[in-house]
Amino acid sequence: MATTRTASTRWEGTLFEGAGKVTLQSSGLGTYEVSWPARAEEANGKTSPEELIAAAHSACFSMAFSNGLAKAGTPATSLDTSADVTFQPGEGITGIKLTVRGVVPGISAEDFAAAAEAAKEGCPVSQALTGTTITLDAALA
């Protein structure tokens, strides 16, 4: 069964002087302020499209990786994943780095890295970001 999730943004003003609010409508988890300075300079308590992509990517990758490990008979005790999304004004998103550290009993470092690579390739968010260079740093904790 397909699912659709919805978020919305209200923006007021110009790109550089204006500001907006992103609302996570499907979950009802909240509304978050966004601005150009939060995107291209310092966050100053506001989020950016790139931070939201990083959140989505780290969560999706972790879910895909957890599933792959369990299906291989080596379920993870824990996976800690971060996603660094680099934004260059005038160019856009220039790269994403996924970093994962995991506690997975009974798996070799090589098998862990291979499973992480498979999760990176199979994660729906990674697939949606095709065309962006995605690097991976995967190691057992």
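Values in this text are rule-based calculations from the coordinates and carry no lab data. Quick caveat, the model's predicted, so the values are computed rather than measured. Neighbour counts run over all protein chains shown; Cβ positions are idealised from the backbone, glycine included.
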List the GluC sites (Glu not before Pro) within the range 1-96 that fall in a DSSP loop (any state other than H, G, I, E or B) and whose Cβ has at most 15 other Cβ atoms within 10 Å.
Glu17, Glu41, Glu42, Glu91
Can you give me the distance in nm between label points at Glu110 and Ser27, each placed 7 Å from the Cα along the Cα-to-Cβ direction?
3.8
Run the reach check for Lys21 against lysines, Cα to Cα strictly under 27 Å, same-chain hits fewer than 8 apart removed. What comes back?
Lys46, Lys97
So for Thr132, Thr94, fewest C-beta neighbours within 10 Å to most, what's the order?
Thr94, Thr132
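Counting helices only, and only those DSSP H runs with n ≥ 4, report the 222 nm mean residue ellipticity of the chain as the sum of -39,500 (n - 2.57) divided by its residues, in deg cm²/dmol to the nearest 500. Walk me through the numbers on the way to the answer.
Numbers: 4 runs with 47 residues, N = 141.
Calculated from helices alone, the mean residue ellipticity at 222 nm is -10500 deg cm²/dmol.
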Mind listing which trypsin sites (Lys or Arg not before Pro) in the range 1-110 are in a DSSP loop and have 16 or fewer other Cβ atoms within 10 Å?
Arg5
Taking the Cα atoms of the chain, report the difference between the largest and smallest coordinate on each principal axis, in whole Å and largest first.
55, 33, 26
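Using Cβ counts within 10 Å as a stand-in for footprinting exposure, how do Cys60, Cys123 rank, fewest first?
Values: Cys60 21, Cys123 24.
The most exposed by this proxy come first: Cys60, Cys123.
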Under 21 Å from Lys71, Cα to Cα: lysines that are on another chain or at least 8 residues apart
Lys120
